[in-house]
Amino acid sequence: MSAAASVLAPTATPLLLRDGSAVTARPFGADERDVVQRVFDAMSAESRRLRFLTAVPRLTERSLRLLTDVDHIRHGAWAAETVDGPVAVGRWIRLSAEPHVAEVALSVADAYQGRGLGRGLLSVLGVAAEQVGISGFAWTMDVENRRALRLAAANGGSRRASLGVVEARTGLPPADGIDAEAVRRLLRRVGPQAVGLAA
Ligand SMILES: CC(C)(COP(=O)(O)OP(=O)(O)OC[C@H]1O[C@@H](n2cnc3c(N)ncnc32)[C@H](O)[C@@H]1OP(=O)(O)O)[C@@H](O)C(=O)NCCC(=O)NCCS
């Protein structure tokens, strides 16, 4: 790609929501604290509990550091944004004991929930994770989290419930409704070393 083309290349890929809202997804860069904090701020106490499986009134400095320590090889994260700013974050974190599996987690701002954003962002995560040799996702969900349970169930695999928590193992989601090639291209821009691992 020429220098001019590189400058002009899009930095995000569209996600089509069920109601037609315009949202784009892009991989995390070096310091995305603002994105993580703003999406957290746009989630109710109940949404935060569903995400972290415990009450989380605020993000500590340590949490922010962990949630932004992204290299797209061990830990991948993507932001979903509108013209008004970030509305969701999706991430996967490779399991050290099973490097072909990654724990997946999504945070969608309350105002954007139930509109297909979680589904779209999950597809983006699947394409990105596959690029670095991941073949399945591990999920830890509240037993009442119907949306997350539905997202996981669509990808087969197994699940078991205990003490109000469902642990599931699934394959990667299909790249339905997203531009998989754009996702791979965006990933190459932020983590060229990641492409080598996928070869
Ligand atoms: C769980 C979460 C990520 C889902 O994302 P979302 O954008 O709200 O969900 P989507 O609109 O993509 O819907 C996901 C699925 O749930 C279904 N769904 C939507 N609203 C629903 C509802 N009220 N009840 C049951 N199912 C519902 C959708 O139909 C979709 O299934 P389908 O694609 O087979 O039709 C999001 O709601 C969220 O961030 N919740 C709080 C934090 C959390 O729970 N994180 C998940 C931890 S793994």
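The values are calculated or read from the model by the stated rules, or taken from the named source; none is laboratory data. Every value quoted in this text rests on a predicted model; they were computed, and no experiment measured them. Cβ: placed from backbone, ideal geometry, glycine included. Neighbour counts: every protein chain shown.
Quick look at the numbers
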{"read-out": "Residue in the stretch 138-145 that is hydroxyl-bearing (Ser, Thr, Tyr), touching a strand residue (DSSP E or B) at 6+ places or on another chain (Cβ under 9 Å), at pLDDT 95 or above and more than 11 Å from the ligand (Cβ to nearest atom) present", "value": "no"}
{"read-out": "Residue match in the stretch 131-141 (condition: under 22 Å from Ala42 (Cα atoms) and crowded, with 17+ Cβ neighbours inside 10 Å)", "value": "yes"}
{"read-out": "The stretch 43-58, subset in a helix (DSSP H, G or I) and touching a residue at least 24 places away in the same chain (Cβ under 8 Å), residue farthest from the ligand (Cβ to nearest atom)", "value": "Arg49"}
{"read-out": "Positions within the stretch 108-153 being out of contact with any helix residue (DSSP H, G or I) (no Cβ under 7 Å at 6 or more places or on another chain) and part of a strand (DSSP E or B), in sequence order", "value": "Gly136, Phe137, Ala138, Thr140"}
{"read-out": "Filter result for Pro99 (farther than 22 Å from Ala30 by Cα and away from the ligand (no atom under 12 Å from the Cβ))", "value": "yes"}
{"read-out": "Any hit, the stretch 118-129, residues being over 20 Å from Val23 (Cα atoms), of a type outside the set (Gly, Ala, Ser) and either surrounded by 14 or more Cβ atoms within 10 Å (Cβ to Cβ) or in contact with a Pro (Cβ under 8 Å, 6 or more places away or on another chain) (or both)", "value": "no"}
{"read-out": "Ser96 being of a type in the set (Ser, Thr, Tyr) and over 22 Å from Ala129 (Cα atoms)", "value": "no"}
